[in-house]
Ligand code: PGA
């Protein structure tokens, strides 16, 4: 049975002065043992948020990691630097692809750094609006290309061992208030698992958690979690609002408990 995961991506919001309190508030208001919770604050807030979340069961993630292990990369953060500060890491977010020209090859290298460092990667993939406007098959082809580019070079067992999670995030739905349809997200999740099978993942593809991301709120999370292919959400804007996070995680707990009840024992 796949876990239900709600990951918060705070993006370039909060400061070391206020991040701890926000993290504490969210942790207290989302206390659901059946849901895996992760908060990904800015790098400079990792330590504060880690202290605030100690003992709460909420994990800490970084929003990015450099594709090289070390060297002359001014301003960048390596996987080794994250030791003790984060246990998860987002790679390939569309805002990084857009603003930092991250290619699939770069994203793949970042996955490699995450594996080496024992960080649990959340790989983001998703099509642009122009791709979606060309139809579902075109959108699937784009996402499949990103999947192959990032995951293809790696041994499936290494990625499974690292606890890889994939976030399907249609770029046109991120920060726009326009979310995808649950059925379209589920079709994409099925296509992603099909792509992994083609890459030699075999039955491991069925165990891979796939999240939806893009304008998720407490009001629309149910549409995604009603889809058996979708295992949670990567939440941006709404993840800064404790009321929203409380609603999202409460809804996620309903799905987690229902899936547990359906799973045959033994
Ligand atoms: P959003 O962001 O929820 O604000 O659309 C999601 C994301 O970028 O991960």
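Summary of computed values
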{"quantity": "Cβ-Cβ FRET estimate between residue 226 and residue 73, R0 fixed at 45 Å, reported to 0.05", "calculated": "0.55"}
{"quantity": "Peptides 55-61, 230-236 ordered by average Cβ neighbours within 10 Å, highest first", "calculated": "230-236, 55-61"}
{"quantity": "Between the range 96-136 and the range 40-64, the Cα center-to-center distance that results, in Å", "calculated": "22 Å"}
{"quantity": "Euclidean distance between Cα centres, the range 213-249 to the range 1-36, Å", "calculated": "12 Å"}
{"quantity": "Surface/4 estimate of mean projected area, convex hull on alpha-carbon atoms of the range 183-247, nm²", "calculated": "4.5 nm²"}
{"quantity": "Inter-label distance for residue 254 and residue 190, nm, one decimal - labels placed 7 Å from Cα along Cα-to-Cβ", "calculated": "2.4 nm"}
{"quantity": "Förster radius 30 Å - calculated FRET efficiency between residue 219 and residue 31, Cβ distance, rounded to 0.05", "calculated": "0.90"}
{"quantity": "Gain upon complete extension [residue 241, residue 100; 0.36 nm per residue less C-alpha separation]", "calculated": "48.0 nm"}
{"quantity": "Distance between modelled label sites at residue 263 and residue 206, nm, 7 Å Cα→Cβ extension", "calculated": "1.4 nm"}
{"quantity": "Share of pairwise Cα separations in the range 94-229, more than 25 Å, in percent", "calculated": "22 percent"}
{"quantity": "Helical mean residue ellipticity (222 nm; -39500 (n - 2.57) per DSSP H run of 4+; nearest 500) of the chain", "calculated": "-12500 deg cm²/dmol"}
{"quantity": "Whether the chain is rounded, prolate or oblate, judged on the alpha carbon gyration tensor where a/c under 1.5 counts as rounded", "calculated": "rounded"}
{"quantity": "Cα-based equivalent ellipsoid, the range 69-116: semi-axes from gyration tensor eigenvalues, Å", "calculated": "18, 13, 11"}
{"quantity": "Spin-label zone in the range 117-145 - amide nitrogen under 20 Å from a point set 7 Å from the Cα of residue 198 along the C-beta vector", "calculated": "123-128, 131-145"}
{"quantity": "Dimensionless Rg/Rh of the range 1-117 - Kirkwood Rh, Rg from C-alpha atoms", "calculated": "0.98"}
{"quantity": "The chain: most fluctuating residue of 75, 135, 50 per GNM, C-alpha cutoff 10 Å", "calculated": "75"}
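Values quoted throughout were computed directly from the atomic coordinates according to the rules given, and no laboratory measurement underlies them. All values derive from a computational prediction rather than experimental measurement. All Cβ positions, even for glycine, are placed from backbone atoms using ideal geometry, and neighbour counts span all protein chains on display.
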